[in-house]
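*Asks:* My questions will all concern the structure given below.
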Amino acid sequence: PPLLIRMCVVGSGAGSTEAALAQVSQLADSPQLRWDLVLAYRDPAGEVDAWARFVATVVERYGERFNAIQVTGEANLTSVPAAADGAFPGATDAFVDGVISAGEAKRRRGATAAIGFAVSPEIEPHASPFWPAVAATGGDRLPAAVDYAGLDTPSSPART
């Protein structure tokens, strides 16, 4: 398979949307490279609706130019705010709503980018409040929107 370069673009609230979209556009316009785009949710205000609109806009405008679009980065990891999205308010809802918005935008536009997410490994996932909350809010719509799910580990990210 071709080598893909992973690039992260951070959404830090409605005020960052234009700058983040400009970064995505610059990546999408690169004629030499195909990207694996990560949209990181780092909104200290927890504006989940603005986040979901941002994600949908990225997929609608650029969903044919990326191989994959990962929505959030480790939304289940709450203890590392500088490295994971889970420490930001509304991260679980941003994960669910963002992935669903991306999947719906992909279907509307006929985009080709794989839509997915990455989570951090959990020693006792059944004890975590994250997955029950995801199941309760995502329902059947979340799995229908996902093309891949990743488990980020220090040694290598794996996609399944």
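The values are calculated or read from the model by the stated rules, or taken from the named source; none is laboratory data. Just so it is clear, the model here is predicted, and its values are computed rather than measured. Note: ideal-geometry Cβ built from the backbone for every residue, glycine included; neighbour counts use all protein chains shown. Areas reflect the complete protein model, heavy atoms only, side chains present, ligands, DNA and RNA absent. Shrake-Rupley method; radii C 1.70, N 1.55, O 1.52, S 1.80 Å.
*Asks:* Where does the chain land at 222 nm, in deg cm²/dmol rounded to the nearest 500, when only DSSP H runs of n ≥ 4 count, each adding -39500 (n - 2.57), divided by all residues?
*Replies:* Here the helix-only value at 222 nm equals -11500 deg cm²/dmol.
*Asks:* Accessible area per residue, 1.4 Å probe, Å², for region 1-117: what's the number?
*Replies:* 44
*Asks:* Then there is this: Using the Karplus equation 6.51 cos²θ - 1.76 cosθ + 1.60 (θ = phi - 60°), what ³J(HN,Hα) coupling, rounded to whole Hz, does each residue of region 41-48 give in order, writing x for Gly and Pro?
*Replies:* 9, 10, 8, x, 8, x, 7, 5
*Asks:* Could you give the nm distance between label points at GLU18 and ASN67, where each point is 7 Å from its Cα heading toward the beta carbon?
*Replies:* Inter-label distance under the simple model: 3.4 nm.
*Asks:* Here is a follow-up. Whole-Hz Karplus ³J(HN,Hα) for region 81-88, in order, using 6.51 cos²θ - 1.76 cosθ + 1.60 and θ = phi - 60°, x for Gly and Pro?
*Replies:* x, 7, 10, 9, 7, x, 7, 9
*Asks:* Then there's this: Taking θ = phi - 60°, what integer Hz values does the Karplus form 6.51 cos²θ - 1.76 cosθ + 1.60 yield along region 30-40, in sequence order, with x for Gly and Pro?
*Replies:* For region 30-40, the Karplus-derived couplings read 6, x, 8, 10, 10, 10, 10, 8, 10, 9, 8 Hz, x marking Gly and Pro.
*Asks:* Could you give the dipole magnitude of the chain about its Cα centre, charging the beta-carbon of Lys and Arg +1 and that of Asp and Glu -1, in debye to the nearest 20?
*Replies:* Taking the Cα centre of the chain as origin, the dipole is about 520 debye.
*Asks:* Right, something else. Over the chain, what is the mean sequence separation of C-alpha contacts under 8 Å (at least six apart), divided by residue count, expressed as relative contact order in percent?
*Replies:* Dividing the mean separation by the residue count of the chain yields 20 percent.
*Asks:* Next up: Taking amide hydrogens as modeled 1.01 Å from N in the peptide plane, which residues meet the under 5 Å criterion relative to VAL38, leaving out close sequence neighbours?
*Replies:* MET7, CYS8, VAL9, GLN70
*Asks:* Can you give the translational diffusion coefficient of region 9-160 in µm²/s, computed by Stokes-Einstein from the Kirkwood radius over Cα pairs at 37 °C and 0.692 mPa s?
*Replies:* 215
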